[in-house]
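To start, the structure itself, in C-alpha cells.
Each value in this text was obtained by applying a stated rule to the coordinates, not by laboratory testing. None of the values given here were measured: they were computed from a predicted structure. Heads up, the Cβs are rebuilt from the backbone with ideal geometry, glycines too, and the neighbour counts pull from every protein chain shown.
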Amino acid sequence: MLANKTALVTGSTSGIGLGIAKALARQGANIVLNGFGDVEGPKAEIAALGVQVAYHGADMSKPAEIEDMMKFAAERFGRVDILVNNAGIQHVARIEDFPVEKWDAIIAINLTSAFHASRLAIPAMRAANWGRIINVASVHGLVGSAEKSAYVAAKHGVVGLTKVTALENAASGVTCNAICPGWVLTPLVQKQVDAKAAALGISNEEAKNALLGEKEPSMQFTTPEELGELAVFFCSPAGSNVRGVAWNMDGGWVAQ
Ligand code: NAD
C-alpha cells in the first residue's frame, strides 16, 4: 500500500517509534530512522522487511539539526511523504521541584520539534498533493496526571498543533492526526515502573499492575505493534478524510 513512499519517524530507534516504522515498512514504505542508542539493530530490522532504510541522528531539541535531517531525507529519497513526530522524553516531579532544564528539554523535544519537522515537510507534501503527518501525543494530550507538568503541557500542545496542521491543509491531500497512547511498556515507562517498585518496595510485576490499576481499566499495556497499525490506517485511502483527530488507544483511560 505504501510502496514508493518514504516515512521519516523521529525517535524510532526504540519503543513506539520503532513499532510504527516497522508497520509502515511492512506496507512497503522506505524509512528514515532517527534517535539515539543502538542504530544498527533497528536498521537491520527494517531492512529485513525489504525496504530501503536510512538513519539521521538529529537531536530533536536542536532546530538546525532537524533542518539538516529533513534535507538529508529529501536528498536520499526525493521527499518525505509520511512524517511521524514521535521523539519524546519524560520527567516526573511536582511543579515546585521541576528542574527548569528538564521543562525546557521536554517542551523542545516533545512539542517544538514537531513544529519544526512539520514546517519543513509540508511544502513538498503540498506540491505532491499527498502527505501524512502523524503526531504521537499521549492520553496526556487529553487529560492530566500529577507530577507530569511539562509532559502534559507539551502533549496538549501537540494535540493543538495537530488540529491547526489539519485545518491549514484540509483542502489538500495532506492530513494530520494524533495518536494518544495510554501505558505502553517501552524504556520510557519501564523507568516509571522501576521508580514505583523502588519507592514502594514492591516487585516489577506488582509495580506494573499498580501503574495500570491507577489509570487503565483494561489492565493491559497497549503495544507498539497496535499503535503501528493505527498509523497504517491514517496512511490508507480510507484515512484520507480523517483530519485533526486525537485518537486514544488507552485501555479505557480517558473514557472514565
Ligand atoms: P522510548 O524511550 O522507547 O523512545 C523514545 C525515542 O526517542 C528513542 O528512539 C530515543 O532515542 C528518542 N529520543 C529521545 N530524545 C531524543 C532527541 N533529543 N532527539 C532525537 N531522538 C530522541 O519511548 P516511547 O515510550 O517509545 O515514546 C515515544 C513517544 O510516545 C514519545 O513521544 C512519548 O511521549 C509517547 N508516549 C509514550 C507512552 C508510553 O506509555 N510509553 C504513552 C504515550 C505517549
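Checking a compactness column here: for the chain, what do you get for Rg(Cα) / (2.2 N^0.38 Å), N being the number of residues?
Scaled against compact globular proteins, the figure is 0.97.
With helices defined as uninterrupted DSSP H runs, which ones in the chain have an alpha carbon span along their own long axis of at least 27 Å and mean Kyte-Doolittle hydropathy of at least -0.5?
149-168
At ASN204 and GLU40, where each label point lies 7 Å from the Cα along Cα→Cβ, what is the point-to-point distance in nanometres?
2.6
Please list, or write none, the aspartates and glutamates whose alpha carbon is within less than 17 Å of the alpha carbon of LYS196, excluding same-chain residues fewer than 8 places away.
Answer for LYS196, where 17 Å is the Cα cut-off: GLU147, GLU205, GLU206, GLU214, GLU216, listed by chain and number.
Compute, for the chain, the length of the dipole vector about the Cα centre, with Cβ point charges of +1 (Lys, Arg) and -1 (Asp, Glu) only. Units Debye, rounded to 20.
Working: 21 positive and 24 negative charges, 155 e Å.
So the magnitude is around 740 debye.
Size of the stretch 141-233 along its principal axes in angstrom, Cα-based, largest extent first?
55, 28, 22
In straight Cα distance, which aspartates and glutamates are under 18 Å from LYS62, not counting same-chain residues fewer than 8 positions off?
Within the straight-line cut-off, LYS62 pairs with GLU101, ASP104.
Hey, any idea what the orientation-averaged projected area of the convex hull of the stretch 86-209's Cα atoms comes to, in nm²?
That works out to 8.3 nm².
How many angstrom lie between the C-alpha centres of the stretch 129-143 and the stretch 22-55?
Comparing the Cα centres of the stretch 129-143 and the stretch 22-55, I get a distance of 21 Å.
Starting from the Cα-Cα distance between ASP68 and ARG94, subtract it from 0.36 nm times their residue separation and give me the gain in nm to one decimal.
Using 0.36 nm per residue and subtracting the Cα-Cα distance, I get 5.8 nm.
Over 29 Å between Cα atoms, which of LYS22/LYS155; LYS43/LYS215; LYS102/LYS208 qualify?
LYS43/LYS215
Report ³J(HN,Hα) in whole Hz for each residue of the stretch 83-99, in order, from the Karplus equation J = 6.51 cos²θ - 1.76 cosθ + 1.60 where θ = phi - 60°; Gly and Pro get x.
Whole-Hz 3J(HN,Hα) from phi for the stretch 83-99: 10, 10, 8, 10, 3, x, 9, 9, 8, 10, 6, 5, 3, 5, 10, 6, x.
Once the Cα gyration tensor of the stretch 15-90 is found, what semi-axes does its equivalent ellipsoid get, as square roots of 5 times the eigenvalues, in whole Å, sorted largest first?
19, 15, 11
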